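The values are calculated or read from the model by the stated rules, or taken from the named source; none is laboratory data. Everything numeric in this text was worked out from a predicted model, so none of it was measured. Using ideal geometry, Cβ is built from the backbone for each residue, glycine included, and neighbour counts are taken over all protein chains shown. Surface accessibility is based on the protein's heavy atoms, side chains included, excluding ligands, DNA and RNA. Shrake-Rupley method; radii C 1.70, N 1.55, O 1.52, S 1.80 Å.
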Amino acid sequence: MQHKQVPVTSVRGIDNVEGVVEAIVSVTNIVDHVNDLIEPGAYKATLRKRNPKVVWSHDTNIPVGKTLRVEELMPGDPRLPNDLTQQNAGALLVKMQFNLNTTRGRDAFYDVQFYGDEQEWSIGYSVPEGNIVTGK
């Protein structure tokens, strides 16, 4: 499994009582620091099949929450932060709820609150065989 990180441009809707956060966890249509580009629409088939997991450091054995809603926003969507709109980017917007009944869920949630826009979210992914396109 590969991993991609994205600096947080906005964390919205923090609910301290329920442990709910809405955040952009992946950006599309922008070449990243290792010269990769996730094309808009890349998540469509996967999101029809399943919701992403909310885990600690990509370890699926350490869940910290659950996905309540996930949507891929296409470039130009008015819900995107201005910095992404200006770059013609899209994004994966996830509303998640951290499990505040566990130490690891509370720790993860409080880290999100504390670090705010200074943190990064990351996704784990696998590219289907034959679907990798290399640059020029």
For the chain, find the longest principal axis of its Cα atoms and tell me its angle to the long axis of helix 103-115, 0 to 90°, nearest 10. 60 degrees
Nearest 500 deg cm²/dmol is fine: what mean residue ellipticity at 222 nm does the chain get from its DSSP H runs of n ≥ 4 alone, each adding -39,500 (n - 2.57), divided by its residue count? -4500 deg cm²/dmol
Treat every Asp and Glu Cβ in region 23-136 as -1 and every Lys and Arg Cβ as +1, leave all other atoms uncharged, and give the resulting dipole magnitude about the Cα centre to the nearest 20 debye. 620 debye
When the charge dipole of the chain is computed with +1 at the Cβ of Lys and Arg and -1 at the Cβ of Asp and Glu, the Cα pointing farthest to the positive end, of Val11, Leu68, Thr103, is that of Leu68
What does the C-alpha gyration tensor say about the overall shape of region 83-132? Classify as rounded when a/c is under 1.5, otherwise prolate if a/b is larger than b/c, or oblate. oblate
Solvent-accessible area per residue for the chain (1.4 angstrom probe, square angstrom): 65 Å²
Quick one: which residues, 5+ away or cross-chain, put their amide H under 5 Å from the amide H of Trp121? H built at 1.01 Å from N. Val6, Val8
Contact order normalised by length for the chain, with contacts defined as Cα pairs under 8 Å and 6 or more residues apart; what percent is it? 34 percent
Eight or more residues apart or on different chains, and alpha-carbon atoms under 18 Å: count the Lys pairs in the chain matching that. 9
What FRET efficiency do you get for Asp36 and Lys66 if R0 is 25 Å and r is their Cβ-Cβ distance, rounded to the nearest 0.05? 0.35
Per residue, the convex hull enclosing the Cα atoms of the chain spans a volume in Å³ of 116 Å³
Can you classify region 16-56 as rounded, prolate or oblate using the Cα gyration tensor, where a ≥ b ≥ c are the square roots of its eigenvalues, rounded means a/c under 1.5, and otherwise it's prolate if a/b beats b/c and oblate if not? oblate
